[in-house]
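**Student:** Have a look at this one before I ask anything.
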Amino acid sequence: MPLTDLRSPAGATLGRRYRLGAALGHGGSGAVFRATDRRLEREVAVKLFDLGAADGEEIRRYAAEARVLAGLSHPNLVALLDVGADQVDGVGPVAYLVMELVDGRTLRECVNDGPLPRAITADVGRQLALALGHAHAAGIVHRDVKPSNVLVSDSAAPPGRQDAPTLPVVLADFGIAVSAVRAPETDRRSSSGTASYQSPEQALGRDVGPASDVYSLGLVLLECLTGERAYPGDPLTSSLARLLRPVDVPEDLGRDWVRLLGAMTAAEPGDRPSPTAVAAELRALRDPDPR
């Protein structure tokens, strides 16, 4: 039974340690389950990869994601706890990544409820910019920054989104991340990511560097503020649209937001600010100087 039936492996135990529970989601490169670490008596998230059905490219992505996560450590990046392989009844051989469990929702689910307040959007963006800065410093480009890959923790967020001073977030799913230094040029140029959030260079199949993640983050923040995707539609329509017209940032967001989002979504990668600069500007937008 394939992993696309997310219920099938529930109840199985991996590596005589991780007992799988309810399905949490299904990404581009595997299915994610809540699980119990029986040795340490804690809840974790386990991402499964069906090795029997996987081709060489999918196995390479699994190995690459494990290597990427193992080399990163940041409070706003999902933490890798363990890796392994096992046999699951009814599925076959699987590889798995054990990660920290983030209880809450995705940013996609939050935005589906309506636009976020500007202060919260600024803080969410600040956290993600810091996470990207850490990944970029390690030579890693995420390539798929989008609301569904942002996990919103409810552990520290008070009820009532409108009054919450912060919304703790974690960036997940490094399944198509690539090394900006070590990856072959063909990998850095391969079309990747989700069409609605691709940078122009991704849409054109050009060399993709850290500035691509900044562009995608700009589209995510714009959607948080407006509740609408900048480039909706099917993948081809969405990809072509960003090549034909610049991002439309509504003037009523205010001069500072218009300037920052315009810079983050500049057509040329070299014209975009660094994640560090973005984080600093978003902090100022979250906590404006009262003077």
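**Student:** Can Val44 be described as under 30 Å from Asp256 (Cα atoms) and of a type outside the set (D, E, K, R)?
**Tutor:** Here the answer is no, as Val44 does not meet what is asked.
**Student:** Exactly one condition in (1) open to solvent by less than 10 Å² (accessible area, probe 1.4 Å); (2) of a type outside the set (Lys, Arg); (3) outside any helix (DSSP H, G or I) is false for Asp144; which is it?
**Tutor:** Exception for Asp144: condition (1).
**Student:** Related question: So which residues in the range 9-49 are of a type in the set (D, E, K, R) and open to solvent by less than 30 Å² (accessible area, probe 1.4 Å)?
**Tutor:** Residues satisfying the conditions are Asp37, Lys47.
**Student:** Determine which member of the set Glu281, Glu185, Glu251, Glu268 is in the same structural domain as Asp144 (by the TED database), at pLDDT below 95 and either within 17 Å of His142 (Cβ to Cβ) or open to solvent by 40 Å² or more (accessible area, probe 1.4 Å) (or both).
**Tutor:** Every option except Glu185 fails the conditions.
**Student:** I want to confirm something. Restricting to the range 195-220 and keeping residues that are among the hydrophobic types (A, V, I, L, M, F, W, C) and farther than 22 Å from Leu107 by Cα, which single residue is most open to solvent (accessible area, probe 1.4 Å)?
**Tutor:** By that ranking, first place goes to Leu204.
**Student:** Right, another one. Taking the range 55-70, which residues are of a type outside the set (Gly, Ala, Ser) and over 17 Å from the mean Cα position of the chain (by Cα)?
**Tutor:** Result: Asp55, Glu57, Glu58, Ile59, Arg60.
**Student:** Select the strands (runs of 3 or more DSSP E) contained entirely in the range 1-117, then report the ones holding at least 2 residues which are closer than 30 Å to Thr226 by Cβ and modelled with pLDDT under 90.
**Tutor:** Of the strands (runs of 3 or more DSSP E) lying wholly inside the range 1-117, those with at least 2 residues that are closer than 30 Å to Thr226 by Cβ and modelled with pLDDT under 90 span 18-27.
**Student:** Tell me which residues, restricted to the range 255-279, are in contact with a Gly (Cβ under 9 Å, 6 or more places away or on another chain) and in a helix (DSSP H, G or I).
**Tutor:** Across the range 255-279, the qualifying residues are Leu260, Leu261, Gly262, Ala263, Met264, Pro269, Pro275, Thr276, Val278, Ala279.
**Student:** Please work out if Gly84 is touching a Pro at 6+ places or on another chain (Cβ under 7 Å), surrounded by fewer than 20 Cβ atoms within 10 Å (Cβ to Cβ), not assigned by the TED database to the domain that holds Leu171 and not polar (S, T, N, Q).
**Tutor:** no
The values are calculated or read from the model by the stated rules, or taken from the named source; none is laboratory data. Quantities reported herein were computed from a predicted structural model and do not represent experimental measurements. Positions of Cβ are generated from backbone atoms using ideal geometry, with glycine treated the same way; all protein chains shown enter the neighbour counts. For the accessible areas, the whole protein counts, side chains as well, though only heavy atoms, and no ligand, DNA or RNA atoms are used. Shrake-Rupley method; radii C 1.70, N 1.55, O 1.52, S 1.80 Å.
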